[in-house]
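Inspection log for the structure reproduced underneath, given as structure tokens.
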Amino acid sequence: MASTYTLISSQVLASSASSVTFSAIPATYTDLVVRASARSDFAGNDEIFVIRYNSDSAANYSFRYLQVNGSTAGSGAFSNRTTEWALYTNGNSATSNTFGNLEMYIPNYTSTSSRPYSSFGVGETNASSPAMIAVLAGLYQGTSAISSISFAPGNGTNWLSASSFYLYGISNA
Amino acid sequence: MTDTPQAVEVNCTTGEVTTRPLTADEIAAQAVAAQAAADQAAAQEAQDKAKADAKASAMAKLAALGLSADEVAAIL
């Protein structure tokens with residue numbers, strides 16, 4: 001059981017940005033947690049997070065997900081891709097001034113072997129259109145400890161102003 | 001405000017925040033990611049539709065066998 005939960009860094013966007021990167025992440029923790037509240041300029045309700053570790057663009061990313069869109073459940077699986085995903089948050093057709101929420105957990109991020117991660121995300125679409133919710137299990141197969149994480153919107157071009165990203169370190173001792 | 005998408009990087013060791021325009025390669029990569037996202041959404045939509053169609057077909061066949069709507073709902 002984690003005994004510490006330390007804010008490493010955060011970024012609340014003052015203006016739109018196409019990506020947010022946490023770099024030079026200290027290797028002094030056991031696990032990492034990312035909390036994000038984000039909205040993109042995508043002309044739709046639902047946005048995805050496109051994630052890269054260590055700026056690694058090789059086919060080192062795999063993931064599986066379960067999702068519910070309104071009352072319709074679905075699933076998917078992707079292997080050996082050049083980016084990781086986390087699902088879902090808000091696009092710009094969601095209710096005005098609402099932001100989706102994401103939590104990611106990355107255990108053992110300093111390992112140089114394959115590292116899993118999990119995410120849980122939900123769009124905050126408080127209108128007639130249904131909200132999206134998803135749980136996702138991913139695997140990063142790069143061979144370096146994770147020292148940077150970047151987040152970009154997959155459907156839109158930019159994260160909108162006031163989108164926020166928080167990186168926490170978890171220590172077991 | 002510039003038209004070129006901007007990347008924000010936070011150095012977790014120094015606290016320094018850097019904002020810079022995306023490179024051409026990064027813009028191209030973003031387009032690839034957008035296409036992949038669109039492909040995934042289309043595939044998911046097709047999967048959802050196939051599932052809904054199969055359910056509707058099953059319900060119709062069960063109704064043809066004489067099951068009531070409540071009975072069909074109970075087993076699907």
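FYI, it's all coordinate maths here, none of it is from the lab. The structure displayed is predicted, hence computed values, not measured ones. Note that each Cβ is placed from the backbone with ideal geometry, even for glycine, and that neighbours are counted across all protein chains shown.
Below, the figures for the structure above:
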{"item": "Residues listed by number, the stretch A:148-170, amide nitrogen under 20 Å from residue B:20 label point at 7 Å toward C-beta", "result": "A:148-153, A:158-159"}
{"item": "Order of A:23, A:93 - criterion: other Cβ atoms within 10 Å of each residue's Cβ, fewest first", "result": "A:93, A:23"}
{"item": "Proxy reagent accessibility, fewest Cβ within 10 Å first, across A:85, A:159", "result": "A:85, A:159"}
{"item": "Average partner coverage of B:34-47, which counts Cβ from other chains inside 10 Å", "result": "4"}
{"item": "Relative contact order computed over chain A (Cα-Cα under 8 Å; 6+ residues apart), in percent", "result": "42"}
{"item": "Helix B:24-64 vs. chain B, principal-axis angle (Cα, 0 to 90°, nearest 10)", "result": "10"}
{"item": "Shielding by partners - mean other protein chain Cβ count within 10 Å, residues of B:23-30", "result": "3"}
{"item": "Order of B:59, A:132 under a 10 Å beta carbon neighbour criterion, fewest first", "result": "B:59, A:132"}
